[in-house]
Amino acid sequence: MQIREDLGHLIGNTPLIYLRQVSEATGCRILGKAEFMNPGQSVKDRPALHMVLEAEKRGDLKLGGLIVEGTAGNTGIPDTQAQEKKDMLHLCGAELIEVPALPYKDPNSYQHVARRLANSLRQSEPNGILFADQWNNLDNRKAHYLTTGPEIWVDTNGNIDGFICSVGTGGTIAGVSSFLREVKSDIVIGCADPQGAAMCEYFSHGEAKSSTGSSIAEGIGLGRETAIISDIKVDQPMTIPDSEALPYIFDLAANEGMIVGGSSAINIAGAVRLARELGPGHTIVTILCDYGTRYQSKLFNRSFLEGKKLPIPNWLKKEVGSHSDLFVENKT
Ligand code: PMP
């Protein structure tokens, strides 16, 4: 058994998991990188650590300093996000400022509020302040270039034909794809975009135009070009509706015992489409970004899904207490 120095040393080196049902259905080997096994239980541990370490190296942040971030994902969260994630941030000692969910072009969008807050506090923090700014901070992308990409390459022994994931900041897709292209120039890179995001159009035609509709998947769905994604090439961009994606994670929960979140659903659906595109016999890797328990009140909530007219798995349709027939004998 290894003894790790601290929690930060547990970040990364997550395993690839063979996704049985979708692999069997497509004749491809579809592997999910189990990012929910990071200590913070999401793919965002990697950029969070790397952004802090680099800020310390530069001397911007010292012990006891302050980190400010605006995010809808797993790095911190504004007000439309699942309560489970907010509770977790409070437990970690973060001060959470919840703001209305506004589009990026609005000056009160959470990213602009965070930047203004960081600037206003800069003078008063003796130990420095890091505005993590994951959308524009290239250390985010670099974390995946240095760790996620190489881990996938080593763990597949180089037997990989395609990689696909969705875009929140784009750190994952940009970092992983730029590493994999260096070691395997003919790898096929896919982008699985939720409805309402602009990456499918951007990677297809160079213009960040949002698709119609919306998605309940949290932490993904970029609507504009940023420095992180501006120089990457995506071979297979696609928009995936929630109605197509969610059944994959419901099946995964019921048959393979894995409870993953909405962005993983979009990713798995993308991997299936890519598998069908490439044909049987290929290996495709995607990202299992976080646990579904974080979204239990939405993703695995029958009335929430009903309200959104989304598919509901049979096992969630069962009424609580529907096994009361088992207790009939006790009544006599
Ligand atoms: N899934 C979830 C649940 C996330 O929180 C995020 C990050 N916002 C992503 C996927 C996307 O990761 P990235 O920012 O690297 O594009």
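Bear in mind these aren't lab numbers, they're just calculated from the coordinates by the rules spelled out. Please read all numbers here as calculations on a predicted model, not as lab measurements. Note that we place each Cβ from the backbone using ideal geometry, even for glycine, and neighbour counts take in every protein chain shown.
Output the number of residues of the range 249-265 satisfying the condition of being part of a helix (DSSP H, G or I) and either over 10 Å from Leu288 (Cα atoms) or away from the ligand (no atom under 15 Å from the Cβ) (or both).
Within the range 249-265, the first condition is being part of a helix (DSSP H, G or I), and the residues that meet it are 249-256, 262-265.
Of the ones still in play, those that are also either over 10 Å from Leu288 (Cα atoms) or away from the ligand (no atom under 15 Å from the Cβ) (or both) are 249-256.
So the answer is 8.
Which residue is surrounded by the most Cβ atoms within 10 Å (Cβ to Cβ), if the candidates are limited to the range 233-265 and must be in contact with a Leu (Cβ under 7 Å, 6 or more places away or on another chain) and among the polar types (S, T, N, Q)?
Result: Ser264.
Give me the pairs, please: first residue somewhere in the range 214-230 and among the basic types (Lys, Arg), second residue anywhere and more than 13 Å from the ligand (Cβ to nearest atom) and part of a loop (DSSP other than H, G, I, E, B), beta-carbon distance under 7 Å, and either six or more positions apart or on two chains.
Arg224/Tyr104; Arg224/Ala198; Arg224/Ala208
Which one is surrounded by the most Cβ atoms within 10 Å (Cβ to Cβ), of the residues in the range 185-213 that are touching a residue at least 40 places away in the same chain (Cβ under 8 Å) and part of a loop (DSSP other than H, G, I, E, B)?
Ala197
Please go through the range 79-101 and pick out each residue that is among the hydrophobic types (A, V, I, L, M, F, W, C), more than 14 Å from Arg294 (Cα to Cα) and surrounded by 12 or more Cβ atoms within 10 Å (Cβ to Cβ).
Ala94, Leu96, Ile97, Val99, Ala101, listed by residue number.
Could you please let me know if Leu31 is outside any loop (DSSP other than H, G, I, E, B), away from the ligand (no atom under 16 Å from the Cβ) and buried (at least 21 other Cβ atoms within 10 Å of the Cβ)? Write out each step before concluding.
Details: outside any loop (DSSP other than H, G, I, E, B): yes; away from the ligand (no atom under 16 Å from the Cβ): yes; buried (at least 21 other Cβ atoms within 10 Å of the Cβ): yes.
The answer is yes for Leu31.
Look through the range 150-168, keep the residues that are part of a loop (DSSP other than H, G, I, E, B) and free of Cβ contacts under 8 Å to residues at least 60 places away in the same chain, and return whichever of them is surrounded by the most Cβ atoms within 10 Å (Cβ to Cβ).
Within the range 150-168, the first condition is being part of a loop (DSSP other than H, G, I, E, B), and the residues that meet it are 156-161, 166-168.
If we keep only those that are free of Cβ contacts under 8 Å to residues at least 60 places away in the same chain too, we end up with 157-158.
On the way: Asn157: 8, Gly158: 12.
For the range 150-168, the residue satisfying everything is Gly158.
Return a yes/no flag: does the range 17-27 have any residue that is touching a strand residue (DSSP E or B) at 6+ places or on another chain (Cβ under 9 Å), at negative phi, in contact (Cβ under 8 Å) with a residue 60 or more places away in the chain and part of a strand (DSSP E or B).
Taking every residue of the range 17-27 in turn, at least one turns out to be touching a strand residue (DSSP E or B) at 6+ places or on another chain (Cβ under 9 Å), at negative phi, in contact (Cβ under 8 Å) with a residue 60 or more places away in the chain and part of a strand (DSSP E or B).
For Glu54, are the conditions met, namely being closer than 21 Å to Leu146 by Cβ, assigned to a loop (DSSP other than H, G, I, E, B) and either within 16 Å of the ligand (Cβ to nearest atom) or not aliphatic (A, V, I, L, M) (or both)?
Here the answer is no, as Glu54 does not meet what is asked.
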